[in-house]
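This report refers to the structure that appears directly beneath it.
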Amino acid sequence: MDRCTRRAFLGRAACLAGAAAVGFGARAEGGAVPRIGACDWSMGMGFDPGVMAVAKAIGLDGVELSAGSPQDVLEISDPALREKYKAAMAETGVVACSMAMGFLNNSPLATDPRGPSWLEQSIDACGDLGAKTLLMAFFGNGDLRKRRKLKEEEMKSAAERIRAAAPRANDKGVVLAVENTLSGADNVKFLDMINAPSVRVYYDIGNSTYNDFDVPAEIRALGDKIVQIHFKDAANYLGKGKVDVPAAVKAIRDIDYAGWIILETAKPSGDMQADFRANLEYTKGVFSANA
């Protein structure tokens, strides 16, 4: 146990209890296939409520929605757009499983003065739509590494902003999730810097493979620090490229992960629905084989 005062310990326990209520840390039951969703941007349907009907036709359980583009007021902050999403969810039964601040890759959370406001807007939209996880992206301009060396000052700045937003997220039932190019060990360091129990890692088996990390070992080491997982393999179908999906799934089973698997997959044939359906069926098959 970390050294802390009794008050700090009780506060941490309360945060963990609240976080458990929104889904992370849950243990998988038996060998059930997890719920599987897809990213709206990978489907080419960002800010389009019609994505829910398309996801249903493919056989997906949920959609990870884009939060917006780097402007003062994010697209997802529009109540009218959210009402259209809610209507589409009610009609199809497909849910907004999570939301992603992908635009942070160009306008980094650590340095853009609008970062705190963007976090507040996205957290509020997640809460309104029932999305339980908010992905904060750290790639491109927002990468927390340069030539594989940590950008300590940017990590510190991002950690401060995320820590400040964590109570708001907890109140809305939202888990904040960092996705980046860091190793599993460096992500633990980043979480320690943030020091907010409801902040977790969004793990991407494709990104980690192509950054030369040992994906199964990292998944096992991170354990319940992982709140959600992306599946992809560059421009390939799952199972046809560099990523060892069966080994990743075995590790996912080993940590009793009970969250969503989100397809951020490519469209090799150019037929979006057919390609997502193929990756969906492959993913289900690998999980069933590792029940």
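See the values below:
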item	result
Cβ crowding within 10 Å averaged over residues, with 146-154, 32-40, 131-139 ranked highest first	131-139, 32-40, 146-154
Separation between Cα centres of region 244-291 and region 100-119, rounded to whole Å	29
Cβ charges +1 (Lys, Arg) and -1 (Asp, Glu), total dipole of the chain, debye	760
Qualifying chymotrypsin sites (Phe, Trp or Tyr not before Pro) for region 199-291 [loop in DSSP, other Cβ within 10 Å: at most 10]	none
Among 244-254, 110-120, 70-80, 93-103, the order from most to least packed when residues are scored by Cβ within 10 Å on average	93-103, 244-254, 110-120, 70-80
Value of [θ]222 nm, deg cm²/dmol, for the chain, DSSP H segments ≥ 4, -39500 (n - 2.57) each, nearest 500	-14000 deg cm²/dmol
Of Gly68, Gly184, Gly31, the one that fluctuates the most in a GNM where the chain has Cα springs shorter than 10 Å	Gly31
Protection proxy ranking of 165-177, 216-228 - average other beta-carbon atoms within 10 Å, highest first	165-177, 216-228
Principal semi-axes in Å for the chain [√(5λ), Cα gyration tensor, largest first]	27, 23, 19
Selected from Tyr210, Val94, Gly59, residue furthest toward positive end of dipole (the chain; charges at beta carbon)	Tyr210
Choice from Gly50, Gly142, Gly259 with maximal GNM fluctuation in the chain (Cα, 10 Å cutoff)	Gly50
Net charge dipole size for region 130-242 [Lys, Arg +1 and Asp, Glu -1 on Cβ; Debye, nearest 20]	120
Computed lengthening from Ala57 to Glu281, 0.36 nm per intervening residue step minus Cα-Cα distance	79.3 nm
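Taken together, the values in this text are just the output of simple stated rules run on the coordinates, not laboratory data. In this text the structure is predicted, and so the values were computed from the model without any measurement. Cβ coordinates were reconstructed from backbone atoms using ideal geometry, including for glycine residues, and neighbour counts include every protein chain displayed.
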